[in-house]
Amino acid sequence: MERDFFTSLLILLATAVVVVWAFRRLRLPPILGYLVVGALVGPHGFGWLPDNEQTRFLAELGVVFLMFTVGLEFTLPELLANRRLVLGLGGSEVLLGTLLAATLAWWLGVPPQGAVLVGGAFAMSSTAIVVRQLAEQMELSTRHGRAAVAVLLLQDLATLPFLILLGSAPEAGAGWLALAAPFVKGLAVFALLFLAGRWLARPLLHWVASVHSNELFMLFALLIVVASATLVHLAGLSAPLGAFLAGMVLGETEFRHQIEADVRPFQEVLLGLFFATVGMLLDPLQMLSNGPWVVLVTLAFVVGKGLLVALLARIFGERPAVGLRTAACLAQGGEFGLLLVAGGLQAGLIPQPHGQVLLAAIIASMALAPILVRFNDALARRIAGLPQRIQTGPEGLIEQESRELQGHVVIVGYARIGQNVATLLQEDSYDFVALDLDPARVRETREMGQPVFYGDATRESILRAAGVERARALVVTHGRPGAAVRTVALARRLNPDLVILVRTRDDTHLAELLDAGATEVLAEGLEASLLLGAQLLVLLGRPESEVAERVAAIRADRYHLLREFIHGAEEGEEEQRYRVHLHAVPLPRDAFAVGRRLAELDLGGEVQISAVRRAGITVPAPTADTRLREGDVVLLRGRPEALERAESYLLTGAP
């Protein structure tokens, strides 16, 4: 049996590596790749793997970790501050979408419990695909981006009642009244876990953290996930429900980010196995025989759901163009829809023919999702009869905002080092353009009015858009040596006179970067030891001019004198991190801080307001009499856990 299990796991992982790699090369969502993996190796494909209890167990573990991270990311202050969109637009979409689809499914012969699951699957969209695509297009902070994210937040939360229904699995012949009992039980379990988490979680986490052992902390985080899922499962409900509740409670603690980092590797691998097991349920022969129905249901997801979202967005006060763009972003099925349909099939709540059509339609709509999100503006303008904009991708926005620059600096990588370089340039009034691949960082820095763009500097079109041919210097600050070499070589070809400065962690790729055209390469370890030694020589009485000459000579010799040393047995990366962060908080209309002076706000002693951005103008060190308005962006400075409390206070008034 062990040999069979490991052989099955080997086949699944090997196929996944090849297929997911191919999907990434084609810029398609990895979720679709895992579904194809399951269809290929499953009983309806090549038959290499059976759909048995072992694979289903691994798949359910993936869902457990997914719901735990969803709970970690759920914040009540964010929900309350954006309640018009989250509760209003999102709640209406989930309720009406579920009701319409469930009624139609029941009319077509699906049992009541299965009909509710079908309705829930119709109401869900793909958070993974939509958020990533909007981030890459730098549209998360737009009106339609905020509306789409608000609806997705409510959809993720609305998964809980469907998980209760799925986990309880009433008898197939039971009526609608049989659905009430699981929800009552779910409320009781929720209250119990919430209180236990409030009273026990924080003290226990403090005790584990005081040991200063990363391994122990990670094991304790895994214990919390599995224990909460097990307790809820023993209560006769869905195990992922317990994981979500545990994540929601722990998300309110100062250990939230560390816990998320510890469990994410397990979540992503096991979640991939879940989607592979969903793919195993696909029967290509049934899909072909039901081809017209698959097309019809796919159109229902894209067209019907799109119309519903557009209509509701208009009712809740959004402009027609914003409503249509939001609809284009949400007009697809999602990963939670696949979860509900797959669970309904396995529990016998959804008949096989109906389930096969639904699975195929959800997958087809998810395949269309990147295209719909990518061209949401063009689709909305065509439907509304507005003139079309030229679609230029991220290069267009970068070029539009940097076309007037001459003799500026291009910063590649905008983490701590890149931001410090930008600060020094601003102090001396040098213009700069920054490129980064972290969507969250790009969004937050752009909200503060900084010229930062989402873009891959290894692409010629991105560098041209940033004006590297007119630039005076280029600075590479990220720690990816392969990408740095390609960026340097490309920039040197586009501008032979460009000053190129590269930061690396060590000297491994120093010669390669210099040969590619870098003017200077600063290896952190070598440069730190060189400066430390130089300062020591000055303090010991050597003339500064002589020390400066020796430092210049060592750099010119590519640090050859310092590149050989005796390696020890306990070497590792530096663990001490910079703990003071900056965080931008946009203020929506219903935020607690709107209308109040800074002097009236009690942020505590650990957080300071560094700046306020209003109407495109950043005001550093605002006075205590500054009165905040709707749309202001407040820049906070402090430790991560204190920043979270301060953001909650600004949005809801809760201390």
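The values are calculated or read from the model by the stated rules, or taken from the named source; none is laboratory data. None of these values were measured; they are calculated from a predicted model. Glycine gets a Cβ as well: all are built from the backbone with ideal geometry, and neighbour counts include every protein chain shown.
The figures follow:
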{"item": "Among (1) touching a residue at least 12 places away in the same chain (Cβ under 8 Å); (2) in a helix (DSSP H, G or I), the one test that ARG314 misses", "result": "(1)"}
{"item": "Enumeration of residues in segment 454-466 that are in contact (Cβ under 8 Å) with a residue 60 or more places away in the chain and either among the aromatic types (Phe, Trp, Tyr) or surrounded by fewer than 23 Cβ atoms within 10 Å (Cβ to Cβ) (or both)", "result": "TYR454, SER461, ARG464"}
{"item": "Matching residues in segment 511-562 - criterion: being under 25 Å from VAL499 (Cβ atoms) and either outside any helix (DSSP H, G or I) or of a type in the set (Phe, Trp, Tyr) (or both)", "result": "GLY517, ALA518, THR519, GLU520, VAL521, LEU522, ALA523, ASP557, ARG558, TYR559"}
{"item": "Of residues in segment 267-318 being charged (D, E, K, R) and at pLDDT 85 or above, the one farthest from HIS44 (Cα to Cα)", "result": "ARG314"}
{"item": "Residue in segment 260-271 that is part of a loop (DSSP other than H, G, I, E, B), closer than 29 Å to SER648 by Cβ and among the aromatic types (Phe, Trp, Tyr) present", "result": "no"}
{"item": "Filtered residues of segment 517-527 (kept if more than 34 Å from the chain's Cα centre (by Cα) and closer than 13 Å to ARG555 by Cα)", "result": "THR519, GLU520, LEU526, GLU527"}
{"item": "Number of the exception - GLU395 against (1) modelled with pLDDT of 90 or more; (2) in a helix (DSSP H, G or I)", "result": "(1)"}
{"item": "Residue pairs meeting the criteria (Cβ under 6 Å; at least 6 apart or on separate chains; first assigned by TED's automatic domain parsing to the domain that holds LEU307 and of a type in the set (Ser, Thr, Tyr), in segment 113-139; second modelled with pLDDT of 80 or more and not in a helix (DSSP H, G or I))", "result": "SER125/GLN332; SER125/GLY334; SER126/GLN332; SER126/GLY334"}
{"item": "Qualifying residue in segment 328-338 (condition: modelled with pLDDT under 85, in a loop (DSSP other than H, G, I, E, B) and under 14 Å from VAL130 (Cα atoms))", "result": "yes"}
{"item": "Test result for GLY595, of a type outside the set (Val, Ile, Thr) and surrounded by 13 or more Cβ atoms within 10 Å (Cβ to Cβ)", "result": "no"}
{"item": "Residues within segment 603-638 that are modelled with pLDDT of 85 or more, assigned to a loop (DSSP other than H, G, I, E, B) and charged (D, E, K, R), tallied", "result": "4"}
{"item": "Given (1) among the charged types (D, E, K, R); (2) surrounded by 16 or more Cβ atoms within 10 Å (Cβ to Cβ); (3) part of a helix (DSSP H, G or I), index of the condition ASP507 fails", "result": "(3)"}
{"item": "Members of segment 498-513 that are within 10 Å of VAL488 (Cα to Cα) and touching a Gly at 6+ places or on another chain (Cβ under 7 Å)", "result": "ILE500"}
{"item": "Filter result for the condition that a residue is in a loop (DSSP other than H, G, I, E, B) and at pLDDT 85 or above, over PRO655, PRO588", "result": "PRO588"}
{"item": "Candidate set: segment 65-104, residues that are closer than 21 Å to GLY247 by Cα and of a type in the set (Ser, Thr, Tyr); chosen: the one modelled with the lowest pLDDT", "result": "THR75"}
{"item": "ARG464 in contact with a strand residue (DSSP E or B) (Cβ under 8 Å, 6 or more places away or on another chain), among the charged types (D, E, K, R) and over 14 Å from ALA422 (Cβ atoms)", "result": "no"}
{"item": "Selected residue (criterion: nearest to SER610 (Cα to Cα)) from residues of segment 625-655 that are free of Cβ contacts under 8 Å to residues at least 40 places away in the same chain and not hydrophobic (A, V, I, L, M, F, W, C)", "result": "THR626"}
{"item": "Any pair with Cβ under 9 angstrom, 6 or more apart, that starts in segment 401-425 at a residue that is on the phi < 0 side of the Ramachandran plot and ends at one that is among the acidic types (Asp, Glu) and in a loop (DSSP other than H, G, I, E, B)", "result": "SER402/ASP431; LEU405/ASP431; GLN406/ASP431; HIS408/ASP431; VAL409/ASP431; TYR414/ASP438; ALA415/ASP438; LEU425/ASP431"}
{"item": "Segment 606-640 - residue that is surrounded by fewer than 18 Cβ atoms within 10 Å (Cβ to Cβ) and of a type in the set (Asp, Glu) and, of those, farthest from ARG589 (Cα to Cα)", "result": "GLU606"}
{"item": "Exclusive hit being charged (D, E, K, R) and over 22 Å from the mean Cα position of the chain (by Cα), set ARG464, ARG441", "result": "ARG464"}
{"item": "Sole exception among (1) closer than 25 Å to GLU73 by Cα; (2) crowded, with 23+ Cβ neighbours inside 10 Å for THR253, by number", "result": "(2)"}
{"item": "Number of the exception - SER545 against (1) without any contact (Cβ under 8 Å) to a residue 40 or more places away in the chain; (2) polar (S, T, N, Q); (3) in the same structural domain as VAL421 (by TED's automatic domain parsing)", "result": "(3)"}
{"item": "Unmet requirement for ARG264, which otherwise passes all of (1) out of contact with any Ser or Thr (no Cβ under 8 Å at 6 or more places or on another chain); (2) surrounded by fewer than 16 Cβ atoms within 10 Å (Cβ to Cβ); (3) of a type outside the set (Val, Ile, Thr)", "result": "(1)"}
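This table checks each residue for (1) at pLDDT 90 or above; (2) under 17 Å from ARG480 (Cα atoms); (3) in a helix (DSSP H, G or I).
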| position | (1), (2), (3) |
| --- | --- |
| GLN426 | no, no, yes |
| SER429 | no, no, no |
| LEU435 | yes, yes, no |
| VAL442 | no, no, yes |
| THR445 | no, no, yes |
| GLN450 | no, no, no |
| PHE453 | no, no, no |
| THR458 | no, yes, no |
| VAL468 | yes, no, no |
